[in-house]
1. Any residue in the range 123-138 that is under 30 Å from Asn195 (Cβ atoms) sitting within a Cβ distance under 9 Å of a residue that is in a helix (DSSP H, G or I) and of a type in the set (Phe, Trp, Tyr)? List the pairs, counting only those 6 or more apart or interchain.
2. Scanning the range 210-237 for residues that are open to solvent by 70 Å² or more (accessible area, probe 1.4 Å) and of a type in the set (D, E, K, R), which turns out nearest to Val103 (Cα to Cα)?
3. Could you please tell me which pairs satisfy a Cβ distance under 8 Å, a separation of 6+ or placement on different chains, a first residue in the range 1-30 that is in contact (Cβ under 8 Å) with a residue 40 or more places away in the chain and under 22 Å from Asp60 (Cβ atoms), and a second residue that is surrounded by 10 or more Cβ atoms within 10 Å (Cβ to Cβ) and of a type in the set (Phe, Trp, Tyr)?
4. Taking into account only those residues within the range 106-122 that are in contact (Cβ under 8 Å) with a residue 40 or more places away in the chain and in a helix (DSSP H, G or I), which is surrounded by the fewest Cβ atoms within 10 Å (Cβ to Cβ)?
5. Tell me which of these Val143 doesn't satisfy, since it passes every other one: (1) open to solvent by less than 80 Å² (accessible area, probe 1.4 Å); (2) under 14 Å from the mean Cα position of the chain (by Cα).
6. State which residue is surrounded by the fewest Cβ atoms within 10 Å (Cβ to Cβ) when the search covers only the range 1-46 and only residues that are part of a helix (DSSP H, G or I) and touching a Ser or Thr at 6+ places or on another chain (Cβ under 9 Å).
7. May I ask you to say which residue of Val96, Val88 is closer than 23 Å to Ala202 by Cβ, open to solvent by 30 Å² or more (accessible area, probe 1.4 Å) and at pLDDT below 95?
Amino acid sequence: MEDRITLIRGKAESVELPVEKVDIIISEWMGYFLLFESMLDTVLYARDKYLGKDGLMLPDRVSLHMVGLEDSKYIAEKFGFWDNVYDVKMSSLKRVALSEPLVEKVPKKNIITSECKFFELDLYKARIEDLTFAHKYQLRLKVSDTVHALACWFDAEFTRLQKKQKLSTSPYKTLTHWRQTIFYLGRPIAGTKGNVISGSVAVKRAEENFRELDIKLSFHYRDDKEDANYIQLYKLR
């Protein structure tokens, strides 16, 4: 294959290709929570500089999804721990622990809400500005139980192939190294089957390190027993 394949080492922003335009751009740029580590910038740069008319982006469409989880066991083990550390109360550190999302496999049995797609990108049209966003979500409870966390994952689609393909990191699919990203609630919400938890997801790059993400979630829920209305900040690093 030496007469057919030329390997050029370097960053897309700094190398010069021996051709003016290319037919296909293939890149596995996705990180945890899709956008962690901000590798998409380079792909968009290469698209704008090199992709020819009717060229292919692989993948060409990505989306973020979420569900609500019951996870009282993990809450007790990992966060309740700070209430009594060898007879020393260190509850103030619980807030710090809650601010860092967990990247882990989500057992399907822990999912107690409907699924919501809250973000989508068409990579033929996407801009850097689109990576900073705030979108709404709604999750309907499938059972009456307590929501301790929200779990997020991404799908990457290849829609312009002769046979469409999709890479999903959903907890309902085969486990990948991306797993799922879990956001634990500072105030778990005790909900009733059929009712809806709503809110928004706001994402932007961290100012101190552009590869990290600052994520703000809002939570809204009300019934005759529960009234939740608050905002929680997270940092994915």
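The values are calculated or read from the model by the stated rules, or taken from the named source; none is laboratory data. In this text, all values refer to a predicted model and were calculated from it rather than measured experimentally. Neighbour counts are summed over all protein chains in view; Cβ atoms, including those assigned to glycine, are modelled from backbone coordinates with ideal geometry. Remember, those area values only see protein heavy atoms, side chains included, never the ligands or the DNA or RNA. Shrake-Rupley method; radii C 1.70, N 1.55, O 1.52, S 1.80 Å.
1. Cβ pairs passing all conditions: none.
2. So, considering only residues that are open to solvent by 70 Å² or more (accessible area, probe 1.4 Å) and of a type in the set (D, E, K, R), the one nearest to Val103 (Cα to Cα) is Arg237.
3. Going by the 8 Å Cβ cut-off, the qualifying pairs are Met30/Phe154; Met30/Trp178.
4. My answer is Lys108.
5. (2)
6. So the residue we want is Thr42.
7. Checking each option against the conditions leaves just Val96.
Rundown of residues vs (1) under 19 Å from Tyr32 (Cα atoms); (2) hydrophobic (A, V, I, L, M, F, W, C); (3) open to solvent by 70 Å² or more (accessible area, probe 1.4 Å), yes/no style:
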site: Val147; (1), (2), (3): no, yes, no
site: Asp155; (1), (2), (3): yes, no, no
site: Gln165; (1), (2), (3): no, no, yes
site: Thr169; (1), (2), (3): yes, no, no
site: Tyr172; (1), (2), (3): yes, no, yes
site: Thr181; (1), (2), (3): yes, no, no
site: Ala190; (1), (2), (3): no, yes, no
site: Gly194; (1), (2), (3): no, no, no
site: Val201; (1), (2), (3): yes, yes, no
